[in-house]
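Reviewing the structure listed below.
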Amino acid sequence: MKNPINHSKETMWQATISCDSAYDGMFFYAVRTTGIFCRPSCKSKVPNCENVSFFPNATEAHDAGYRPCKRCRPDLNIKTYDPLESLVEDTKRLIKNNYVQNMPLHELASRVGVSRFHLNRIFKERTGYTPRIYLEMIRVNEAKELLLTTNLNSTEVGFQTGYQSVSSFYNAFKRNTGLSPSQFRSCHNRSLFNQEPD
């Protein structure tokens with residue numbers, strides 16, 4: 001790997017303002033006015049040249065009193081960091097851990113640190129689903145599990161998986177499985193009953 005000492009300040013500055021990921025891991029830049037250090041590929045606002053210092057590694061930037069950027073995570077010991085992948089994974093985790101709550105999109109977006117519009121667009125690009133549809137899928141999967149492993153009736157299952165009304169649970173369940181909750185339970189119980197023993 002090239003050492004930053006082999007790069008001129010001009011080369012490192014050009015890599016910084018063009019967010020060139022080819023230089024990630026070769027040097028880090030820090031901004032005096034914010035007290036933060038970044039990877040060259042960081043998509044943060046371009047700083048003023050006179051406020052920028054360059055460091056060969058994250059440790060030296062940290063020792064000089066700079067904090068790692070939360071957007072590009074220069075403190076992670078990986079060559080490249082995809083902030084969008086991290087954003088999607090954090091959102092998925094939040095949805096899975098809080099599926100019983102009614103967390104509106106703006107609150108979800110606020111907790112992962114982006115706008116509602118940005119989260120909706122990126123999440124759909126990366127997963128094929130909006131956060132709302134993903135939440136519905138998680139809830140329906142949990143409902144299927146409860147229908148097959150407990151004696152709760154459909155209404156109780158709906159409320160336990162975060163639905164505020166029987167009709168919204170029924171509609172979501174049928175949309176995802178093609179069956180009503182009671183049809184699903186009866187169908188699967190019948191198939192289990194008819195299985196040959198090993």
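Yes/no matrix, rows are residues, columns are (1) open to solvent by 30 Å² or more (accessible area, probe 1.4 Å); (2) in the same structural domain as Asn98 (by the TED database); (3) modelled with pLDDT of 95 or more:
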residue	(1), (2), (3)
Val140	no, yes, yes
Ala143	no, yes, yes
Leu146	yes, yes, yes
Val157	no, yes, yes
Val166	yes, yes, no
Tyr170	yes, yes, yes
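Testing Asp75 on (1) in the same structural domain as Phe37 (by the TED database); (2) in contact with a strand residue (DSSP E or B) (Cβ under 6 Å, 6 or more places away or on another chain), one condition comes back false. Which one is that?
For Asp75, the exception is condition (1).
Collect the residues in region 7-28 that are in a helix (DSSP H, G or I) and not β-branched (Val, Ile, Thr), keeping them in residue-number order.
Kept after step one, since they are in a helix (DSSP H, G or I), are these residues of region 7-28: 9-17, 21-23.
Lys9, Glu10, Met12, Trp13, Gln14, Ala15, Ser21, Ala22, Tyr23 - these are the residues of region 7-28 that are in a helix (DSSP H, G or I) and not β-branched (Val, Ile, Thr).
Please go through region 127-138 and pick out each residue that is open to solvent by 40 Å² or more (accessible area, probe 1.4 Å) and part of a loop (DSSP other than H, G, I, E, B).
Gly128, Tyr129
Pick from region 100-124 the residues that are modelled with pLDDT of 90 or more and charged (D, E, K, R): which of them is least open to solvent (accessible area, probe 1.4 Å)?
Glu107
Out of (1) of a type outside the set (Lys, Arg); (2) closer than 28 Å to Asp20 by Cα; (3) part of a helix (DSSP H, G or I), the odd one out for Leu94 is which?
With respect to (1) of a type outside the set (Lys, Arg); (2) closer than 28 Å to Asp20 by Cα; (3) part of a helix (DSSP H, G or I), Leu94 is out only on (2).
Output yes when any residue across region 93-112 is free of Cβ contacts under 8 Å to residues at least 60 places away in the same chain and either on the phi > 0 side of the Ramachandran plot or in the same structural domain as Cys42 (by the TED database) (or both), and no when none is. Working first, answer last.
Kept after step one, since they are free of Cβ contacts under 8 Å to residues at least 60 places away in the same chain, are these residues of region 93-112: 93-98, 103-112.
If we keep only those that are either on the phi > 0 side of the Ramachandran plot or in the same structural domain as Cys42 (by the TED database) (or both) as well, we get none.
No.
Do you know which residues across region 134-146 are aliphatic (A, V, I, L, M) and closer than 15 Å to Asn102 by Cβ?
Initial filter on region 134-146 (aliphatic (A, V, I, L, M)): 135, 137-138, 140, 143, 146.
Of everything in region 134-146, those that are aliphatic (A, V, I, L, M) and closer than 15 Å to Asn102 by Cβ turn out to be Leu135, Ile138.
The values are calculated or read from the model by the stated rules, or taken from the named source; none is laboratory data. Everything numeric here is computed off the predicted structure, so don't read it as measured data. So basically every Cβ, Gly included, is an ideal-geometry build from the backbone, and we count neighbours across all protein chains shown. Side chains included, ligands, DNA and RNA excluded: accessible areas come from the protein's heavy atoms. Shrake-Rupley method; radii C 1.70, N 1.55, O 1.52, S 1.80 Å.
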